[in-house]
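The values are calculated or read from the model by the stated rules, or taken from the named source; none is laboratory data. Just so you know, these numbers come straight off a predicted model, no measurement behind them. Ideal geometry is used to build each Cβ from the backbone, glycine not excepted, and the neighbour counts take in all protein chains shown. We work out accessible area using only protein heavy atoms, side chains counted, and drop any ligands, DNA or RNA first. Shrake-Rupley method; radii C 1.70, N 1.55, O 1.52, S 1.80 Å.
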Amino acid sequence: MIEQRYDDFLKTYMLCRTGFLFLAIGLVPAAFLQLLLVVGQLGDPRISFWIDQTRCLEWISTLTTWSTLIGTTLLWGRWDNTSWQRRTSLLMTMCLIDVAIWFLDLGDKQALGESAWFRSQFGHALGWAEFALLASLSGDFLTHLGLEQAEESAKSTRSLAASGAMIWLLLFCELANLRAGWPIRPNPQVQLQTKLLFLGAELISTICLIQVTALVVAALRQSDRQIREMAIEERDDELYTLPNEPDRRIEFATAAASDQSRTM
């Protein structure tokens with residue numbers, strides 16, 4: 001019974017590692033591309049022109065959309081904790097909405113539809129909430145594995161995402177032509193303060209994306225390390241445990257169960 005419990009924890013860690021791997025596959029290229037876009041906006045516009053010509057934005061958008069959905073699906077249901085279940089369910093719902101937006105954009109590549117602008121803004125709004133949820137899940141998982149400092153990093157990322165969401169809301173109110181009816185369309189006149197708000201939102205979004213990516217990559221590395229340590233311990237126990245000696249896996253299963261209820 002205890003061995004089955006130990007194997008359940010090992011399988012859970014392996015699925016979590018695969019989930020964070022897919023999240024990293026989607027987030028790392030997106031963070032690199034976002035950094036290039038900000039550099040192009042602040043410095044050399046040729047970078048933005050090169051990105052448009054090579055269609056990197058479209059490819060990486062597709063990769064990020066589907067990789068985050070797969071990664072979140074693998075994390076969903078891995079732990080019995082109610083908070084973990086609620087956050088992964090909410091994140092997976094947002095990822096499904098991102099997939100729906102991706103399909104709509106696929107049918108309107110030139111963004112000529114009446115709802116194209118509002119659809120893009122709605123995707124940006126979801127992005128801030130996804131930043132907070134990814135940081136929260138990664139931070140809790142790292143804390144569960146013994147990295148106490150990850151909790152503070154996750155909190156700072158969530159706070160930054162909340163600040164960015166407020167700036168984005170102000171930007172949306174400045175950009176949207178709310179008097180034109182539905183669907184909401186952009187205001188043809190853009191003032192100087194609107195451009196500054198846009199630049200501020202882009203900078204905060206880039207920082208949040210980099211921080212979330214760092215947390216996800218750290219969770220991936222720590223889960224892989226935990227799995228390798230468990231495999232080594234299991235092999236050593238099989239070689240050196242005497243018939244009447246208690247199995248160390250009993251201690252691990254008990255400790256892991258208590259850590260799960262305490263940290264998640």
Open item on the list: Show me the helices (runs of 4 or more DSSP H) entirely contained within the stretch 24-124 in which 3 or more residues are among the aromatic types (Phe, Trp, Tyr).
Closed with: 82-106
TODO: For GLY19, state whether it is of a type outside the set (Phe, Trp, Tyr), within 18 Å of LEU96 (Cβ to Cβ), open to solvent by less than 70 Å² (accessible area, probe 1.4 Å) and in a helix (DSSP H, G or I).
DONE: yes
Open item on the list: Given the condition open to solvent by 50 Å² or more (accessible area, probe 1.4 Å), modelled with pLDDT of 80 or more and in a helix (DSSP H, G or I), answer yes or no: does some residue in the stretch 247-261 qualify?
Closed with: no
Open item on the list: Of all residues being of a type in the set (Val, Ile, Thr) and out of contact with any helix residue (DSSP H, G or I) (no Cβ under 6 Å at 6 or more places or on another chain) in the stretch 165-223, which is modelled with the highest pLDDT? Just the residue, please.
Closed with: ILE207
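Rundown of residues vs (1) more than 16 Å from LEU36 (Cα to Cα); (2) in contact with a Ser or Thr (Cβ under 8 Å, 6 or more places away or on another chain), yes/no style:
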{"residue": "PHE172", "(1), (2)": "yes, no"}
{"residue": "LEU175", "(1), (2)": "yes, yes"}
{"residue": "LEU178", "(1), (2)": "yes, no"}
{"residue": "PRO186", "(1), (2)": "yes, no"}
{"residue": "GLN189", "(1), (2)": "yes, no"}
{"residue": "THR194", "(1), (2)": "yes, no"}
{"residue": "LEU199", "(1), (2)": "no, no"}
{"residue": "GLU202", "(1), (2)": "no, no"}
{"residue": "ILE207", "(1), (2)": "no, no"}
Task: Scan of the stretch 145-179 for residues that are of a type in the set (A, V, I, L, M) and open to solvent by 60 Å² or more (accessible area, probe 1.4 Å), ordered by number - done: MET166, LEU169, LEU170, LEU178
- [ ] Identify, from the list MET230, MET264, the residue that is under 30 Å from ASP8 (Cα atoms) and either loosely packed, with under 14 Cβ neighbours inside 10 Å or at pLDDT below 80 (or both).
- [x] MET264
Open item on the list: Based on this model, can you work out whether ILE70 counts as open to solvent by 40 Å² or more (accessible area, probe 1.4 Å), under 29 Å from LEU220 (Cα atoms) and among the aliphatic types (A, V, I, L, M)?
Closed with: yes
Open item on the list: Condition check: among the polar types (S, T, N, Q) and either under 27 Å from ASP140 (Cβ atoms) or in contact (Cβ under 8 Å) with a residue 24 or more places away in the chain (or both). Does GLN34 satisfy that?
Closed with: yes
- [ ] Only residues in the stretch 183-207 that are under 23 Å from ALA135 (Cα atoms) count as the first member; pair them with residues that are among the aromatic types (Phe, Trp, Tyr) and in a helix (DSSP H, G or I), Cβ under 6 angstrom, at least 6 apart or cross-chain, and list the lot.
- [x] ALA201/TRP168
Task: Qualifying position, being more than 20 Å from the chain's Cα centre (by Cα) and open to solvent by 40 Å² or more (accessible area, probe 1.4 Å), among ARG55, ARG86 - done: ARG55
- [ ] Kindly list, by first and then second residue, each pair from a residue in the stretch 91-106 that is of a type in the set (Val, Ile, Thr) to a residue that is not in a helix (DSSP H, G or I), limited to pairs with Cβ atoms under 7 Å and residues at least 6 apart or on different chains.
- [x] none
Task: Hits in the stretch 143-157 (condition: in a helix (DSSP H, G or I) and either without any contact (Cβ under 8 Å) to a residue 40 or more places away in the chain or among the hydroxyl-bearing types (Ser, Thr, Tyr) (or both)) - done: THR143, GLN149, GLU151, GLU152, SER153, LYS155, SER156, THR157
Open item on the list: When you scan the stretch 237-244, do you find a residue that is surrounded by 14 or more Cβ atoms within 10 Å (Cβ to Cβ), modelled with pLDDT under 80 and in a helix (DSSP H, G or I), even just one?
Closed with: yes
TODO: Scan the stretch 125-142 and report the pairs whose first residue is among the polar types (S, T, N, Q) and whose second residue is open to solvent by less than 10 Å² (accessible area, probe 1.4 Å), with Cβ atoms within less than 6 Å and a gap of 6+ or a chain change.
DONE: SER136/ALA154; SER138/VAL216; SER138/ALA219
Task: Selection from the stretch 69-90 of residues that are polar (S, T, N, Q) and in contact (Cβ under 8 Å) with a residue 60 or more places away in the chain - done: ASN81, SER83
